[in-house]
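What follows draws every value from the coordinates through simple rules; no lab data is involved. This one's a predicted model, so the numbers in the text were calculated from it and none came from an experiment. Here the Cβ is made from the backbone with ideal geometry for all residues, glycine too, and neighbour counts use every protein chain on show.
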Amino acid sequence: ILSTADSLFALQAMLRLVLVLSAVLRPSGSRGTVDASPMTGSTALFYLLAGIIRVTLLIVSPDHGLEGPLSGPVYLAFEVASLLPLMKLALGSSSSKDIPWRPAAVAVKVLCWAAAVTAAAVVSSQHQILLSGDKMLDGAFTMVNLLELVAAVICLFSTVLAGGGGAKGSFSSFAHIVLPIQQVLPMYFYLTAFDASLDDASLGHPLVLMQRCGALEIVLLLLAAMAHVALAEDAELSQEEELRLGSAGRGIADQVF
């Protein structure tokens, strides 16, 4: 049992649920409900895959559960509640009527998804904390961290390519604040809860892998937040300029006609 982890992993699950529900339930703007958000598309897909594995482990493997007042059904309820919103976010952008369906682009995306999942599975099979004695379950525990790392990589690239991924002060800004915070919690757990000698009783070096994955994920999410602040400000200035030019054009048209 992962003793003392309840206050960290359960709090992460609560923050995740608040984030994904906010992403799904926020009012639609001119750019749509899901479009201008870091929690959409492939980013949400990999968080969804990680969540499905996490829920499966909680159901079938008591050795991967938590102890404390927030363990058991309480923690499981928060994890399960996040799955449907994550699914909506993962499928939302791809089902948008504004985005044309291109078979070649879809095929490339699916191949990239498959390659990332396969790589995560291979690495996790070589680095396992032997909690249950079942290699598949112990490998799945490691795989959760790798899938979330992939989600952080996608979040950074999608934010940069989307020109900041939404206007400053919108939900996008809120998401870029919450994402790194929620990942600090398991990172702190992996740094403090286990002794370095754990690797001697494990397959490979899972503790070092999880610590480095957690640190890299936080760095990537912070870089995505910085990109949002920098690029979204430029986007706002550009939008204001367009509005100013549009108003000037209408003024000239009124004078002419």
Packing-based exposure ordering (other Cβ within 10 Å, fewest first) of Lys109, Lys88, Lys135: Lys135, Lys109, Lys88
List Cys213, Cys155, Cys112 from most exposed to least, where exposure is judged by having the fewest other Cβ atoms within 10 Å. Cys112, Cys213, Cys155
Taking neighbour Cβ counts within 10 Å as the exposure measure, how do Arg102, Arg26, Arg54 sort from fewest upward? Arg102, Arg26, Arg54
